[in-house]
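Values in this text are rule-based calculations from the coordinates and carry no lab data. Just so it is clear, the structure is predicted and the values come from calculations on it, not from any experiment. Cβ sites come from the backbone with ideal geometry, for glycine too, and all protein chains shown count toward neighbours.
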Amino acid sequence: MKRIYDVLLEEHLLKYEQMAFLAGPRQVGKTTIARNAVHDSKYHKYLNWDNIDNRKILLLGNQAIVDNLPIDILVGIKPFIILDEIHKYKNWKTLLKGFVDEYKATLHIIVTGSAKLDVYRKGGDSLMGRYFLYRVCPLSVAEIAGKPSIKEPISLPTKINNDLMENLMEFGGFPESFIKQDKKFHNIWQNMRFQQLIKEDIMDLAKIQELAQLEVLADLLKYQTGQLVSYTNLANKVRVNDTTIRRWISTLESFYYCFSLRPWSRNVSRSLLKEPKIYLIDWSVIEDRGARLENFVACHLYKAVNFWNDAGFGKYDLFFLRDKEKREVDFLITSNNQPWIMLEVKNSDNYSLNKNLIHFQKQINAKYALQLSANLPFIDQDFRELDSPKIFPMTTFLSQLV
């Protein structure tokens, strides 16, 4: 399966000398994408910090890392070095800074990690200007439909098979589980991935000792998706204080278990200012169909916004809208700090157009306002042709993203 990140990484390697950082959740396909960039070149080296023999090489320093790579002779191609999970080394930034300063002109350097590579500040000097970060997210509608290019943020609609759409909803967007489409495998894989996240990644890197309580919090968040977060209620259930809940949620975000959205307040009278909403990266763990659907769309928007930013299309962000009268719209995408696309998500086409779309559009002047319906069939219409708030097929809209 050729992914949009394959194209993005190929473009990076052609144009830039900076290291390419591939960050994202465990088992999302980062290593595969990095290895795809190497193609059939024999001039490459893959070193994984989790492999004890590879770790010994990394600790020996630059010369050991590049040993056997033809960096001093003309071979017609720059060799590749892939460093996987290097951020688990406490002095990883110092190591990388010295390495890229010495070899950026003679090597393609790709760094991958299952936690956010810019979270840990213990590594000495900053890497600012020495890398470009590409955040890898799970598969999306546009990807499995075979999105043709990444030349602009929004593309023309692409029809997707209904069975593929349903499988994506059921099995999630992590490549291995989606491709197998086997319920028993999915259950085993999902449980293993969660345990590895909590008991290996977070325990080793975040140094949180209360893992049983952290697991309780992670499980509770499955039932909080799309709702305003009450840190006090969560603290009472987990039996820790509010400050600890905030810190643990931030940690779970750092390891790509979940992400939070803040309310947009500019030009919104009596806007809600503080409480965020939480969504999970793996929507397949959510049991309620309506909550899963909203989370499904949230993940697509989160992926699109990250991709557009990482690919250099501009400055994009994702919010929701809510005021003190409890009027709410599920999502707002901003472009260069200006309201761009408002979205409301519905499981059925039986709903009339949400009046809150019209209310908020008058206030913030977003260019597009759509109510996405999961039940409406695909139509071959570009949503950018709409000039007023409309009910629109969810599959059509999502196919126009990345």
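Say the cut-off is 29 Å between C-alpha atoms; which of 180/315; 180/207; 237/324 go over it?
Listed pairs above 29 Å: 180/315; 180/207.
In the stretch 1-79, what trypsin sites (Lys or Arg not before Pro) fall in a loop by DSSP, with at most 15 other Cβ atoms inside 10 Å? If you can, show how the numbers build up before the last one.
On the way: sites: 2, 3, 15, 26, 30, 35, 42, 45, 55, 56; in loops: 2, 3, 26, 42.
Counting only loop positions with at most 15 other Cβ atoms within 10 Å, the trypsin sites (Lys or Arg not before Pro) in the stretch 1-79 are 2, 42.
Nearest-5 percent of antiparallel DSSP beta bridges in the chain?
Expressed as a percentage, antiparallel bridges in the chain total about 35.
Just want the ordering: 265, 41, from fewest to most Cβ atoms lying within 10 Å of their own Cβ.
Going from sparsest to densest Cβ surroundings: 41, 265.
In debye to the nearest 20, how big a dipole does the stretch 141-399 give about its Cα centre with +1 on each Lys and Arg Cβ and -1 on each Asp and Glu Cβ? Each step should come with its number before you reach the end.
Working: 33 positive and 32 negative charges, 165 e Å.
Rounded to the nearest 20 debye, it is 800 debye.
Which value does Rg/Rh take for the chain over its C-alpha atoms, Rh per Kirkwood?
0.98
Between their Cα atoms, which of 367/390; 274/346; 326/367; 326/362; 104/303; 78/104 are more than 19 Å away from each other?
274/346; 326/367; 104/303
In what order do 166, 143 fall by count of nearby beta-carbon atoms within 10 Å, going from fewest to most?
Details: 166 10, 143 22.
If I rank by nearby Cβ atoms, fewest first, I get 166, 143.
Provide the packing ranking of 57-63, 238-244, i.e. peptides ordered by the mean count of other C-beta atoms within 10 Å per residue, highest first.
238-244, 57-63
Return the loop-located chymotrypsin sites (Phe, Trp or Tyr not before Pro) in the stretch 1-97 (DSSP other than H, G, I, E, B) with at most 16 other Cβ atoms within 10 Å of their own Cβ; answer none if there are none.
When the chymotrypsin sites (Phe, Trp or Tyr not before Pro) of the stretch 1-97 are filtered for loop state and at most 16 Cβ neighbours within 10 Å, 16 remain.
Would you order 110, 198 from fewest to most other beta-carbon atoms within 10 Å of each residue's own beta-carbon?
By the 10 Å Cβ count, ascending: 198, 110.
Using helices alone, I'd like the mean residue ellipticity at 222 nm for the chain: each DSSP H run of four-plus residues gives -39500 (n - 2.57), total over residue count, nearest 500.
So the helix-based figure for the chain works out to -11000 deg cm²/dmol.
Test of understanding: extend the Cα→C-beta vector of residue 126 to 7 Å, then name every residue of the stretch 1-43 with backbone N under 19 Å from that spot.
18-21
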